[in-house]
Amino acid sequence: MEPIGKSHVCPNCQSTLCHRSRRSGAVEFILHSLFFITPYRCEVCDQRYFRLRVFKDAPKAAVEQSGATRAAHGA
């Protein structure tokens, strides 16, 4: 599952060598849980930034389950 758009780009140095960073504190936990905002860190300049996580593809199990639900309901 990949987030929508191009690979992560650091807002500081424009590098694509970025990865998700660990959440720290209650505020970051709430941002991630409720709004899907996740911290990322650049491996080149060590800049930490936040990005919205939106997925372009639903998990395969969820797609299969929703298809089975629609078939059971006659949709």
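The values are calculated or read from the model by the stated rules, or taken from the named source; none is laboratory data. Just so it is clear, the structure is predicted and the values come from calculations on it, not from any experiment. Cβ atoms come from the backbone with ideal geometry, glycine included; neighbour counts cover every protein chain shown.
Values computed for the structure shown
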read-out: Matching residues in the range 12-29 - criterion: being polar (S, T, N, Q) and over 12 Å from the mean Cα position of the chain (by Cα); value: N12, Q14, S15, T16, S24
read-out: Residue list for the range 40-60, filter: modelled with pLDDT of 85 or more and under 14 Å from the mean Cα position of the chain (by Cα); value: Y40, R41, Y49, F50, R51, L52
read-out: Residue count for the range 12-44, restricted to those that are in a strand (DSSP E or B) and among the aliphatic types (A, V, I, L, M); value: 1
read-out: Qualifying residues in the range 30-39 (those that are in contact (Cβ under 8 Å) with a residue 12 or more places away in the chain and more than 10 Å from the chain's Cα centre (by Cα)) - the one surrounded by the fewest Cβ atoms within 10 Å (Cβ to Cβ); value: F35
read-out: Sole exception among (1) assigned to a loop (DSSP other than H, G, I, E, B); (2) at pLDDT 85 or above for H8, by number; value: (2)
